[in-house]
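Notes follow the structure.
The values are calculated or read from the model by the stated rules, or taken from the named source; none is laboratory data. Bear in mind that the values here come from a model prediction, so they are computed numbers and not experimental data. Note that each Cβ is placed from the backbone with ideal geometry, even for glycine, and that neighbours are counted across all protein chains shown.
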There are 2 protein chains.
Amino acid sequence: MASQVQCNKLFGGFVNKFTHESKVLGCKMTFSVYLPPAATQKAVPVVYYLSGLTCTDDNVMQKSGAQRKAAELGLALVAPDTSPRGLGIPGEDDAYDFGTGAGFYLNATQEQWKRYRMYDYVLQELPQSSIMGHSMGGHGALIMALKNPGSFRSVSAFAPIVNPSAVPWGQKAFKGYLGDDKEAWAQYDATELVKDYSGRKQAILIDQGTGDDFLNKQLQPEVFQEAAGDKLALELRMQEGYDHSYYTIA
Amino acid sequence: MASQVQCNKLFGGFVNKFTHESKVLGCKMTFSVYLPPAATQKAVPVVYYLSGLTCTDDNVMQKSGAQRKAAELGLALVAPDTSPRGLGIPGEDDAYDFGTGAGFYLNATQEQWKRYRMYDYVLQELPQSSIMGHSMGGHGALIMALKNPGSFRSVSAFAPIVNPSAVPWGQKAFKGYLGDDKEAWAQYDATELVKDYSGRKQAILIDQGTGDDFLNKQLQPEVFQEAAGDKLALELRMQEGYDHSYYTIA
């Protein structure tokens, strides 16, 4: 969890500065967030601001005046740092345009710089979006995660429709919405998508009640498990006696 | 903008229900958000919850009790509806498993159902994340948008390094972080990425000061503009006299 290290009221909202231990980068990182006045009442849109060489999270917060407009429009601003800090890599502080303050928003491949993974940090660790769903929604969560491997930090599904192309609910819907083109069907079918999946080994949790009346005809999570093989860190938990209703979710 | 239609205090936080005119779906949509107590002090992680057939945003909010855990963990819950509503499509209300309440989280291709685009709605319209950046950060914003065409609602860059593989700043960084493999370089170079880009025609705004000392040697936004052709809705605004500093951002 992030710790708040500073909080300043500004234009009716707040500039907050946080530190946290980044799992992606393996060091303590600092970022700043401006929350507009509207954020106390609703979820507001987020704008990520990426700074340039030599900068930190402070530059846009202290020099741009962007918070005035963000307050007016009801936008949150999130400003990450520009590189890992204090990893102790030889040479990391030798130049303004390489190493500290110069992460270039990429995932380094060279051994010495392998903890420079600002691309994953900004895209995956900072937003902390997760997705989950139930039944048709479980299908939705799975396909969104498989089609966008970097977008969600955690993915879980209760009693998902894992292979809609092969079961009555999905066949009816796909034929109606997508027509007869089976290639188009495969683009929205978790089991078909995972067969061609080559993204990172995402952790996915599926919970399935054994007392679910739709288990054999519509759901069949083991079909997805088999297709996934070891491409995913998939956990399939069979829950004794639970059915397809919201009593199971609760 | 979304309008709040209901707000209930729960476990120290709030369940909010909003309606908004969805551009993606072309109809009025309702969604619910649970904000935990921690949301008044900081940006909290978001969990998207996708419901199953026949459901609305209410099911998880009223039946699951998930807010108790979300309050404890400091998570926001966002529950969208399960299909467009009230589009007046013939047959949309004839079955529980097709049409209203059964959007299946896909983008329909069949003419009659072409406004059923729950995939884009959940992935693009609802999160409302935007990304922007300056210089090296402008490079970061461009590559993240080009590598993840569905992830950001708006993308803008001040004085970005558009073609790092071809300029001194980028060549130094890429050689250091990525080694000599030019294929690896191309994966983080906006100009190279846009040449192979086949995603949706994203709107991207680039602001570039004409008084920027780095314009000719490091930035060259026209190189990106030329490579993009008509694949993007790119606007390149040259700003007379502005330089590379935060005075330009302000």
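Assigned to a helix (DSSP H, G or I) and under 16 Å from B:Met136 (Cβ atoms), is that true of B:Gln225?
For B:Gln225, the condition - assigned to a helix (DSSP H, G or I) and under 16 Å from B:Met136 (Cβ atoms) - is not met.
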>> Go through (1) surrounded by fewer than 21 Cβ atoms within 10 Å (Cβ to Cβ); (2) within 7 Å of chain B (Cβ to nearest Cβ); (3) over 30 Å from B:Val5 (Cα atoms) for A:Gly52 and report which single condition fails.
In response: (1)
>> Criterion first (assigned to a loop (DSSP other than H, G, I, E, B), within 14 Å of another protein chain (Cβ to nearest Cβ) and buried (at least 21 other Cβ atoms within 10 Å of the Cβ)) does B:Tyr242 satisfy it?
In response: no
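Would you tally the residues in region B:27-58 being under 26 Å from B:Lys114 (Cα atoms) and not hydrophobic (A, V, I, L, M, F, W, C)?
Adding up the residues that qualify gives 11.
To keep it simple, each residue is scored yes or no on (1) more than 11 Å from every other protein chain (Cβ to nearest Cβ); (2) within 17 Å of the chain's Cα centre (by Cα).
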{"residue": "B:Arg153", "(1), (2)": "no, yes"}
{"residue": "B:Ser165", "(1), (2)": "yes, no"}
{"residue": "B:Gln171", "(1), (2)": "no, no"}
{"residue": "B:Ala184", "(1), (2)": "no, no"}
{"residue": "B:Glu192", "(1), (2)": "yes, no"}
> How about region A:1-49: which of its residues are of a type in the set (S, T, N, Q) and more than 11 Å from chain B (Cβ to nearest Cβ)?
Replying inline: A:Gln6, A:Asn8, A:Thr19, A:Ser22, A:Thr30
> In the list B:Tyr121, B:Tyr96, which residue meets the criterion of being within 23 Å of A:Val162 (Cβ to Cβ), touching a residue at least 12 places away in the same chain (Cβ under 8 Å), more than 9 Å from every other protein chain (Cβ to nearest Cβ) and surrounded by fewer than 21 Cβ atoms within 10 Å (Cβ to Cβ)?
Replying inline: B:Tyr96
>> Restricting to region B:74-93, count the residues that are at the interface with chain A (Cβ under 9 Å from one of its Cβ atoms) and without any contact (Cβ under 8 Å) to a residue 40 or more places away in the chain.
In response: 4
> Just one of A:Ala102, A:Ala71 is within 18 Å of B:Tyr246 (Cβ to Cβ) and either in contact (Cβ under 8 Å) with a residue 60 or more places away in the chain or within 8 Å of another protein chain (Cβ to nearest Cβ) (or both); which is it?
Replying inline: A:Ala102
>> So in region A:55-66, with the set limited to residues that are at the interface with chain B (Cβ under 9 Å from one of its Cβ atoms) and of a type in the set (A, V, I, L, M), which one is farthest from the chain's Cα centre (by Cα)?
In response: A:Ala66
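Would you confirm, using the coordinates I've provided, whether A:Lys114 is surrounded by fewer than 23 Cβ atoms within 10 Å (Cβ to Cβ), without any contact (Cβ under 8 Å) to a residue 24 or more places away in the chain and closer than 25 Å to B:Glu92 by Cα?
No, not satisfied.
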> Does region A:114-133 include one or more residues that are under 21 Å from A:Ser3 (Cα atoms), modelled with pLDDT of 95 or more and of a type in the set (D, E, K, R)?
Replying inline: no
> Is at least one residue of region B:61-80 closer than 29 Å to A:Val15 by Cα, polar (S, T, N, Q) and at pLDDT below 90?
Replying inline: no
> Any idea which residue in region A:67-93 is farthest from the chain's Cα centre (by Cα), counting only those that are part of a loop (DSSP other than H, G, I, E, B), surrounded by 13 or more Cβ atoms within 10 Å (Cβ to Cβ) and not charged (D, E, K, R)?
Replying inline: A:Ile89
>> One residue is enough: does region B:107-116 have a residue meeting the conditions in contact with a strand residue (DSSP E or B) (Cβ under 6 Å, 6 or more places away or on another chain) and at the interface with chain A (Cβ under 9 Å from one of its Cβ atoms)?
In response: yes
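Each row is one residue, and each column tells you yes or no for (1) in contact (Cβ under 8 Å) with a residue 60 or more places away in the chain; (2) out of contact with any Pro (no Cβ under 6 Å at 6 or more places or on another chain); (3) surrounded by 23 or more Cβ atoms within 10 Å (Cβ to Cβ).
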{"site": "A:Leu146", "(1), (2), (3)": "no, yes, yes"}
{"site": "A:Gln171", "(1), (2), (3)": "no, yes, no"}
{"site": "A:Lys195", "(1), (2), (3)": "no, yes, no"}
{"site": "A:Gly199", "(1), (2), (3)": "no, no, no"}
> Conditions: (1) farther than 23 Å from B:Ser130 by Cα; (2) facing chain B (nearest Cβ under 7 Å); (3) out of contact with any helix residue (DSSP H, G or I) (no Cβ under 9 Å at 6 or more places or on another chain); (4) not aromatic (Phe, Trp, Tyr). A:Gln128 meets all but one. Number of the miss?
Replying inline: (1)
